[in-house]
Amino acid sequence: MAGTGTIFLITTVVCLGLVGCITGYNLAIVKSGSGGVQFASLDVDGQEIIGLARLNSRLYVVCVMNSSLFVFHDTAPYARIAVISLSGLAGMGPGDMVAIRGNLYVIDWRAASDGGTRIWKVNPITLNVEYFANATGWTGTLATTRKGCVIGVSGNARLNTACPQHDIARLALPNGTIDPQHADQGRDDSYYVTVGWKSGQPHRILNVNRFGQLKHQYGDALPGNGTGQLDWPRYVIVTPTGNVLVADFWNRRIVQLSSSLTSPSVLLSSTSSVEFGWPQRMLLVVDDRQHFHVFIAMAETAPAWPHP
């Protein structure tokens, strides 16, 4: 595939957890190099996955409107180990989560009258749940920095950083940024931010420096399914080689870009693999200096809400 530092080559499709290659999978696993892609079905009681994290050879999963933590082995066939109740999350339910230094950080949507959205620090061993930060206005997606901080974006065009020893820092995104969705940190300490989800607004990924100034961007002024277009870029991750992967939700594909947001290629799509659903979350797992893989949580069926 084209692009500086390209690391993925999809050569094989393997179906796990069900007999034959049929629909109904909620997880895709893409391996670097020529490792190919696998599909699996995590037993989450038919719910929609909204958060993924990995700690100590375990996959942790949270689902929409459910205050439970599903625990799985992190290798095929991804057998379920336990379901843990997070009774401390009394809001609408957990959203995204990240793992940092042995703990899970889970965002919990709450109404303003209930104190606003919060981030909780969860110890998966002791099950201790403690308050970490106020995340009112955040979109519900999280990532981490190399210094062990939690980052997220908010609807007022801010990139927020919450560190264990510091108050939340807020970085203003470029003028005209509309509806940021998710952010991840690049190798050069810049940030990649996906923006847009409604019709009539730009659907793009932005690359901004640590001062919030625009360096590069990819995407059209309007959503679409052609080259150079995105349709709800819901999630972004930066690989160890500096490549950028974007979950292009309504187009049912993963777009791969160089660090300068050029050389676009389709890493995985419903066209190349009918098992591929609607990508919602991505989790990067680094195996060693040369190899890594990406877990992609998918909606198994078309979302109930209309295409905006």
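The values are calculated or read from the model by the stated rules, or taken from the named source; none is laboratory data. The model shown is predicted, which means the values in this text are computed figures rather than measured ones. Every residue, glycine among them, receives a Cβ derived from its backbone with ideal geometry; neighbour counts consider all protein chains shown. Just the protein is used for accessible areas: all its heavy atoms, side chains included, with ligands, DNA and RNA removed. Shrake-Rupley method; radii C 1.70, N 1.55, O 1.52, S 1.80 Å.
Miscellaneous remarks
- Per residue, in Å², the accessible surface of the chain once ligands and nucleic acids are set aside, probe 1.4 Å: 42
- Rounded FRET efficiency, nearest 0.05, which uses the C-beta distance separating ASN156 from ASN209 and R0 of 22 Å: 0.65
- The ALA76 and ASN225 beta-carbon pair, evaluated with R₀ = 35 Å, returns a calculated FRET efficiency of approximately 0.65.
- Only Cα pairs under 8 Å and 6+ residues apart enter the sum, and on that basis the relative contact order of the chain stands at 15 percent.
- Whichever lysines have a C-alpha closer than 22 Å to that of LYS121, once near sequence neighbours (fewer than 8 apart) are set aside: LYS147
- For GLN181, the residues whose modelled amide H falls within less than 5 Å of its own, excluding neighbours fewer than 5 places apart on the same chain, are THR194, VAL195, GLY196.
- Once Rg/Rh (Cα atoms, Kirkwood Rh) is calculated for the structure shown, the corresponding label among [x] 0.93; [y] 0.98; [z] 1.04 turns out to be [x].
- Remark: the Cα gyration tensor places the range 146-277 in the prolate category, a/c being 1.5 or greater and a/b exceeding b/c.
- Annotation for the range 149-170 versus the range 252-293: alpha-carbon center distance of 26 Å.
- Per-pair calculated FRET efficiency, R0 = 22 Å: GLN47 and VAL274 via Cβ, rounded to 0.05: 0.45
- Listed residues ASP288, ASP179 arranged by accessible area, highest first, probe 1.4 Å: ASP288, ASP179
- Couplings for the range 263-275, taken from phi via the Karplus curve 6.51 cos²θ - 1.76 cosθ + 1.60 with θ = phi - 60°, read 6, x, 8, 8, 6, 7, 7, 6, 6, 7, 9, 5, 6 Hz in order; Gly and Pro are left as x.
- Solvent exposure, largest accessible area first (probe 1.4 Å, DNA, RNA and ligands not counted), of HIS203, HIS73: HIS73, HIS203
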